[in-house]
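Student: Input: one structure, supplied below.
Bear in mind that the values in this text are calculations on the coordinates, not laboratory data. What you see is a predicted model; the values in this text were computed from it and never measured. Note: ideal-geometry Cβ built from the backbone for every residue, glycine included; neighbour counts use all protein chains shown.
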Amino acid sequence: MNKKVAAILAIIIIVGIVIFVSLGTKGQDQIRTIKIGAVLPMSGTQAYFGEGMKDALELAKKNLGNTKYKYDLVVEDGAFDVKTSVSAANKLINIDKVDVIIDAYAPIGDAISPITEKAQVVHIGVAFDPKMAEGDYNFILFTTPDTAAKSFLSEMQKRGLHTLGIFRVNNQGISAVNSAITSLASQYGITVVSNEMFQPGERDFKSVIAKNASARPDIYALLALSPEIEILTKQMRDQNIQNISSTIYFELAKDKAPFEGLWSIGYGKVSSDFESQYKTAYNRELGFGAANVYDAFNAIVQASELNTAINRPTTQFIAKSLQGMSDFDGVLGKLHIDSAGIIDTPTMVKIVKDGKLIAQ
């Protein structure tokens with residue numbers, strides 16, 4: 001064998017070793033990597049909040065520190081549309097092979113939860129509707145309808161308000177909150193004197209306001225998403241109706257100026273360290289769902305890290321570990337995971353000042 005042939009053979013052997021090691025490392029990464037997918041409204045009317053939730057998930061991944069497993073994040077745009085979101089979830093499950101899906105808003109999560117349950121993919125939704133948590137693999141990390149309703153009715157009671165008018169958009173999560181308020185109201189000595197529903201996309205509320213205003217309630221609860229809630233509030237205030245409030249939904253409005261001076265039930269206190277880090281990293285205020293998805297990501301990590309096997313945990317293990325944790329320390333405080341897979345988050349009374357919700 002001459003020197004030229006020997007050199008060529010040596011190169012081939014070296015390249016082969018490099019490829020073998022590379023493939024082996026890649027294989028090891030795959031069996032030790034947990035894929036977390038997210039279906040978020042990166043476009044459409046809720047894009048502002050979708051972008052904020054994506055930022056929070058990326059921050060959670062950045063803050064992982066030393067972990068037993070590697071965690072990948074794959075984000076898909078659901079465009080705040082059920083059909084688009086379902087397609088995104090199917091892509092995450094069938095092509096990206098994710099172990100977990102995190103999403104937001106009740107119509108989206110309600111449509112995705114049967115898919116994740118069938119595929120045995122862990123699913124954490126950020127929304128009110130408890131139906132989303134049905135099954136062994138589905139969870140919710142958000143204020144429950146009962147918690148939101150009790151907080152609101154309790155504050156009404158403290159303020160000596162006895163009658164309530166409700167404006168609500170046709171939405172599964174909002175229907176759940178509306179049901180909780182109406183069923184619990186009498187326990188607080190409160191009477192619901194009017195309850196008007198309108199459709200998503202509505203922009204002219206004159207007739208709805210007129211129908212509800214005749215009941216003359218002590219206060220109105222506006223249960224709607226952005227931009228309808230801002231438009232409705234402006235049109236009510238244009239008619240000199242100032243006794244307006246809400247449960248969480250002022251938090252979901254991009255523009256809070258229309259609610260200036262109004263009180264509302266809002267999220268509980270968020271960790272100041274997290275809030276400061278988020279603002280510094282992204283130069284924006286915390287919006288709807290940002291703290292929730294951050295805690296959801298970390299809850300998945302904590303559940304996964306409980307695995308003692310060499311290979312990554314199965315989705316069944318992650319789901320059972322989540323259910324078995326009972327309590328979880330998050331940026332939203334100590335969160336309790338109940339037997340239905342619902343992780344309730346606290347609330348507090350806030351007032352809108354200078355376009356921001358401030359704890360009272």
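Student: Go through the stretch 62-164 and name the trypsin sites (Lys or Arg not before Pro) that are in a DSSP coil and have 15 or fewer other Cβ atoms within 10 Å of their Cβ.
Tutor: LYS68, LYS97, ARG159
Student: If Rh is defined by the Kirkwood formula over all Cα pairs and Rg also comes from Cα, what ratio Rg/Rh do you get for the chain?
Tutor: Working: Rg = 24.1 Å, Rh = 21.9 Å.
In the chain, Rg relative to Rh is 1.10.
Student: Also: Determine, for MET42, MET53, the number of other Cβ atoms within 10 Å of each Cβ, and report the residues in order from fewest to most.
Tutor: Numbers: MET42 20, MET53 28.
Starting with the residue having the fewest Cβ neighbours, the order is MET42, MET53.
Student: Given the rule -39500 (n - 2.57) for each run of at least 4 DSSP H residues, summed and divided by the residues of the chain, what is its mean residue ellipticity at 222 nm, to the nearest 500 deg cm²/dmol? Each step should come with its number before you reach the end.
Tutor: Working: 11 runs with 156 residues, N = 360.
After summing the helix terms and dividing by the residues of the chain, the value is -14000 deg cm²/dmol.
Student: Non-local amide H neighbours of GLY37 (under 5 Å, H modeled in plane, Pro and chain starts lacking H): which ones?
Tutor: VAL74, ASP99, VAL100, ILE101, ILE102
Student: Same structure, new question: Using the Karplus curve 6.51 cos²θ - 1.76 cosθ + 1.60 with θ = phi - 60°, work out ³J(HN,Hα) for each residue of the stretch 137-153 in order, rounded to whole Hz, and write x for Gly and Pro.
Tutor: Whole-Hz 3J(HN,Hα) from phi for the stretch 137-153: 10, 9, 9, 10, 10, 6, 4, 6, x, 5, 4, 4, 5, 5, 4, 5, 5.
Student: Right, something else. Quickly rank 310-317, 289-296 as a protection proxy: mean count of other C-beta atoms within 10 Å, highest first.
Tutor: Values: 310-317: 15.4, 289-296: 28.0.
Going from most to least packed, we get 289-296, 310-317.
Student: Given PHE328, GLY355, ALA281, which one lies farthest toward the positive end of the charge dipole of the stretch 264-360, if we put +1 on the Cβ of every Lys and Arg and -1 on the Cβ of every Asp and Glu?
Tutor: GLY355
Student: Under a straight-distance cross-link criterion of Cα-Cα below 12 Å, which aspartates and glutamates are reachable from LYS54, leaving out those fewer than 8 residues away in the same chain?
Tutor: Filter leaves GLU76, ASP77, ASP103.
Student: List the lysines whose Cα sits under 20 Å from the Cα of LYS118, skipping any in the same chain fewer than 8 residues away.
Tutor: Once the sequence-local lysines are set aside, what remains near LYS118 is LYS35, LYS83, LYS91, LYS97, LYS131, LYS320.
Student: While we're here: Could you put HIS336, HIS162 in order, starting from the residue whose Cβ has the fewest other Cβ atoms within 10 Å? Provide the component values of the computation, followed by the final result.
Tutor: Working: HIS336 13, HIS162 16.
Lowest count first: HIS336, HIS162.
Student: Continuing with this model, one more query. Average projected area of the Cα convex hull of the stretch 27-180, in nm²? Let's see the in-between values first.
Tutor: On the way: hull surface 44.5 nm².
Dividing the Cα hull surface by four gives the mean projection, 11.1 nm².
Student: Please list, in chain and number order, the residues 5+ apart from GLY268 or on another chain whose amide H is under 5 Å from its amide H, with Hs placed from the backbone.
Tutor: For GLY268, whose amide H was placed from the backbone, the distant partners under 5 Å are THR347, MET348.
Student: In terms of Cα to Cα distance under 21 Å, which lysines are near enough to LYS356, apart from those fewer than 8 places away along the same chain?
Tutor: Leaving aside lysines fewer than 8 places away in the same chain, those within reach of LYS356 are LYS234, LYS254, LYS256, LYS269, LYS279.
Student: Report, by chain and number, residues whose modeled amide H sits under 5 Å from the one on ILE166, excluding near sequence neighbours (fewer than 5 apart, same chain).
Tutor: Answer set, sorted by chain and number: SER194, ASN195, GLU196, ALA221.
Student: Which whole-number percent is the relative contact order of the chain (Cα, under 8 Å, 6+ apart)? Can you show the working numbers first?
Tutor: Numbers: 688 pairs, mean separation 63.4, N = 360.
Across the chain, relative contact order equals 18 percent.
Student: Which of rounded, prolate or oblate describes the stretch 145-247 when judged by the alpha-carbon gyration tensor and an a/c cut-off of 1.5? Show your work: numbers first, answer last.
Tutor: Values: a/c = 1.90, a/b = 1.31, b/c = 1.44.
Because a/c hits 1.5 or more and a/b fails to exceed b/c, the stretch 145-247 counts as oblate.
Student: While we're on this one: On a 0 to 90 degree scale, rounded to 10, what angle separates helix 272-282 from the longest Cα axis of the chain?
Tutor: Relative to the chain, helix 272-282 is tipped by roughly 70 degrees.
Student: Now for a different question. Kindly express, to the nearest 10 degrees and within the range 0 to 90, the angle between helix 82-94's C-alpha long axis and the longest C-alpha principal axis of the chain.
Tutor: 20
Student: Note the full-extension length gain between ILE115 and ASP72 as 0.36 nm times their separation in residues minus their Cα-Cα distance, in nm to one decimal.
Tutor: Values: separation 43, 0.36 × 43 = 15.48 nm, distance 2.11 nm.
Net length gain for the segment: 13.4 nm.
Student: If I stretch the segment between GLN157 and LYS334 completely, what's the gain in nm (0.36 nm per residue apart, minus their alpha carbon distance), one decimal?
Tutor: So the chain would gain 61.0 nm between GLN157 and LYS334.
Student: If each residue's Cβ is checked for other Cβ atoms within 10 Å, how do TYR220, TYR48 rank with the fewest at the top?
Tutor: Working: TYR220 25, TYR48 15.
Starting with the residue having the fewest Cβ neighbours, the order is TYR48, TYR220.
Student: What is the distance in Å between the Cα centroid of the stretch 138-161 and that of the stretch 299-360?
Tutor: Computed from Cα coordinates, the inter-centre distance equals 19 Å.
Student: Could you work out how much longer the chain between ASP81 and ALA281 gets when fully extended? Use 0.36 nm per residue separation minus the Cα distance between them, nm to one decimal. Kindly include the intermediate steps, with their values, before the conclusion.
Tutor: Details: separation 200, 0.36 × 200 = 72.00 nm, distance 2.87 nm.
69.1 nm is the gain from fully extending ASP81 to ALA281.
Student: With each pseudo-label sitting 7 Å past Cα toward Cβ, what's the LYS254-LYS62 distance in nm, one decimal?
Tutor: If labels sit at LYS254 and LYS62, their model points lie 2.3 nm apart.
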